[in-house]
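Student: Questions regarding the structure given below will be posed in turn.
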Amino acid sequence: MAHIIAVAGKGGVGKTTLSGMLIQSMCKMGKKPVLAVDADANSNLNEVLGVEVEMTLGDVREEIARAENSINNPIPASMSKADYAEIMFQRCLIEDDDFDMLVMGRTQGKGCYCFVNGLLQSQLQKLVPNYKYMLVDNEAGMEHISRGILPKVDTIILVSDCSRRGVQAAGRIAELTRECNMNPKTMGLIVNRAPDGKLNQGTLEEIEKQGLTLLGVVPHDDQVYEYDCEGKPTVNLPEDSPVRLALNEIIKKLSL
């Protein structure tokens, strides 16, 4: 069974960038194979990792919805919707040298996400035994975990910026984790985009108030912004990047 790592925090704190960098660092340290799961409907983890997405689970949902409403239904009469979805799913799994990737994606219209969530849950149940690690980049909050979509969670990485609101949001997610009896082996906070890699007293006080364990601080790096503006994968940052070096130290602390 894979060691499952969930990354969560409020929107805009850099979860996806850190998730991609963590995946690459883990692979370089020999902690592989890794299944990367982009569970955010606004998916862009693939851009951080520099891989192309052919189809998402949201696309599968749309394809099946179109098939059911079409006169020329492409689903054979002898095949169930679940079997057809299974075939389509094979196109959703992106295979790279060191990691594979699954993207939830979003529906195109007003359709419910229940089918996509169910498909994600069933496919993860099948895939987990094939990997040593699975890292899930969650949407803002912990919906996919609280709904039981993940089979288990071993490590929860909470991400915040230097703001009190960000740390408070991380605290609320930590509380939800306890209320749902998830019982991860490790749960801690990464503060992202810290000026000069340092936290002011107010942020430190809020972390203590929320009862959070500080895993590490990732410094602000203009190169991350520049790479994003230029459409370059963030994982191509130089080896001496302050962000990369900070995350390497955090991974060592996690004892994965």
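The values are calculated or read from the model by the stated rules, or taken from the named source; none is laboratory data. Nothing here was measured: the structure is a model prediction, and the numbers come from that model. For neighbour counting, all protein chains shown are included, and Cβ atoms are generated from backbone atoms with ideal geometry for every residue, glycine included. Just so you know, the surface numbers come from the protein's heavy atoms only, side chains and all, with ligands and any DNA or RNA stripped out. Shrake-Rupley method; radii C 1.70, N 1.55, O 1.52, S 1.80 Å.
Student: Checking the structure you have, find out if any residue of region 74-87 is of a type in the set (A, V, I, L, M), within 19 Å of L247 (Cβ to Cβ) and open to solvent by 60 Å² or more (accessible area, probe 1.4 Å).
Tutor: Within region 74-87 (the criterion being of a type in the set (A, V, I, L, M), within 19 Å of L247 (Cβ to Cβ) and open to solvent by 60 Å² or more (accessible area, probe 1.4 Å)), the answer is no, since none of the residues qualifies.
Student: Could you grab me the full set of residues in region 22-44 that are assigned to a helix (DSSP H, G or I) and either over 11 Å from the mean Cα position of the chain (by Cα) or at pLDDT below 95 (or both)?
Tutor: Matches in region 22-44: Q24, S25, M26, C27, K28.
Student: Now, a different point. Could you look through region 233-250, keep only residues that are touching a residue at least 24 places away in the same chain (Cβ under 8 Å) and in a loop (DSSP other than H, G, I, E, B), and pick out the one that is most open to solvent (accessible area, probe 1.4 Å)?
Tutor: It comes out as P233.
Student: Could you figure out which of (1) touching a Ser or Thr at 6+ places or on another chain (Cβ under 9 Å); (2) without any contact (Cβ under 8 Å) to a residue 40 or more places away in the chain; (3) closer than 28 Å to M29 by Cα; (4) not small (G, A, S) isn't true of C180?
Tutor: Result: C180 passes all but (3).
Student: Quick check: anything in region 46-56 open to solvent by 60 Å² or more (accessible area, probe 1.4 Å) and in a loop (DSSP other than H, G, I, E, B)?
Tutor: There is at least one residue in region 46-56 that is open to solvent by 60 Å² or more (accessible area, probe 1.4 Å) and in a loop (DSSP other than H, G, I, E, B).
Student: Considering only region 175-211, how many residues are farther than 19 Å from A246 by Cα, open to solvent by less than 40 Å² (accessible area, probe 1.4 Å) and not in a helix (DSSP H, G or I)?
Tutor: Adding up the residues that qualify gives 2.
Student: Scan region 19-35 and report the pairs whose first residue is within 20 Å of V103 (Cα to Cα) and free of Cβ contacts under 8 Å to residues at least 24 places away in the same chain and whose second residue is aromatic (F, W, Y) and open to solvent by less than 40 Å² (accessible area, probe 1.4 Å), with Cβ atoms within less than 8 Å and a gap of 6+ or a chain change.
Tutor: Once the first residue is within 20 Å of V103 (Cα to Cα) and free of Cβ contacts under 8 Å to residues at least 24 places away in the same chain and sits in region 19-35, no partner that is aromatic (F, W, Y) and open to solvent by less than 40 Å² (accessible area, probe 1.4 Å) comes close enough.
Student: When you check L214 against the structure, is it closer than 30 Å to H3 by Cα, touching a residue at least 24 places away in the same chain (Cβ under 8 Å) and either open to solvent by less than 90 Å² (accessible area, probe 1.4 Å) or β-branched (V, I, T) (or both), yes or no?
Tutor: yes
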